[in-house]
Amino acid sequence: MTALPFVIAIDGPAASGKGTLARRLAERFGFAHLDTGALYRAAALLVLDQAGDPADPVAAAAAARRVDVPLLSDPRLRANEVAGAASIVAAIPGVRRALLDLQRNFAAHPPKPAKGAILDGRDIGSVVCPAANVKLFVTASAEERGRRRVEELRQQGAAAILDDVLQDLKERDARDIERRAAPLIAASDATVIDTTTLDADAVFERVSGLIARALAAQR
């Protein structure tokens, strides 16, 4: 009987540091990583490429059914316009249904030679992989997340004003938390980590220890 892959679910709001953490953990433990937020960005990009309205449920769901893994490497996914549109399409139930199987299939069958999968997003522990071996909810204050996003944008050479970025983050948080379909929420059995006053290395080492113990307990 083939052993089931070890699955780690990392959820949290935008700019909380979950994506960077997930990538580092995947490298340390040799797991495959899926940034599920990129799936919604890809759907949004496909809508925008057709000059469509991200809030149109028919167009958004049709775009979501066309999303594939190669599209996730498109550099345009990091644009602010796409990020904003992604938050809108992610609230559409038809979009979430269209992308659910793709996410679950990745978790169940991570690309070889990985023996496990790390998925980060908004509803991994609560909806996509409720039976994940380790569930984390990574968060930080809106002000700290805004500061981080501004720093990231400026490092990329983009002009960024803190007040504008902070307002955008708060609007995205509200859409993510208030949507009916798979809202942003910490699973009841998730370990919540507030990174507001923690540096990335401290968070990484703490979580690495948690995962190492979970892996050892499974053996």
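The values are calculated or read from the model by the stated rules, or taken from the named source; none is laboratory data. None of these values were measured; they are calculated from a predicted model. FYI the Cβ positions are ideal-geometry reconstructions off the backbone, even for glycines, and counts take in every protein chain you see. Each accessible area value is taken on the protein alone, full model and side chains, heavy atoms only, with ligands, DNA and RNA left out. Shrake-Rupley method; radii C 1.70, N 1.55, O 1.52, S 1.80 Å.
Restricting attention to region 115-139, which residues are assigned to a loop (DSSP other than H, G, I, E, B) and either at pLDDT below 95 or among the polar types (S, T, N, Q) (or both)?
115, 122, 123, 133
Would you be able to say whether some residue in region 5-12 is farther than 28 Å from residue 218 by Cβ, open to solvent by less than 20 Å² (accessible area, probe 1.4 Å) and not small (Gly, Ala, Ser)?
No.
Which of the following residues is modelled with pLDDT under 95 and either surrounded by 15 or more Cβ atoms within 10 Å (Cβ to Cβ) or under 30 Å from residue 27 (Cβ atoms) (or both): 175, 213, 180?
None of the others qualify; the one that does is 175.
In region 24-41, which residues are under 20 Å from residue 101 (Cα atoms) and either in contact (Cβ under 8 Å) with a residue 40 or more places away in the chain or more than 14 Å from the chain's Cα centre (by Cα) (or both)?
Matches in region 24-41: 31, 32, 33, 34, 35, 36, 37, 39, 40, 41.
For region 147-154, state whether one or more residues are part of a helix (DSSP H, G or I), open to solvent by 20 Å² or more (accessible area, probe 1.4 Å), within 15 Å of residue 37 (Cα to Cα) and acidic (Asp, Glu).
no
Does any residue of region 194-206 turn out to be of a type outside the set (Ser, Thr, Tyr), in contact (Cβ under 8 Å) with a residue 12 or more places away in the chain and outside any helix (DSSP H, G or I)?
Yes: region 194-206 contains one or more residues that are of a type outside the set (Ser, Thr, Tyr), in contact (Cβ under 8 Å) with a residue 12 or more places away in the chain and outside any helix (DSSP H, G or I).
Mind listing whichever residues of region 79-96 are without any contact (Cβ under 8 Å) to a residue 60 or more places away in the chain, open to solvent by 40 Å² or more (accessible area, probe 1.4 Å) and either farther than 24 Å from residue 152 by Cβ or in a helix (DSSP H, G or I) (or both)?
Matches in region 79-96: 81 only.
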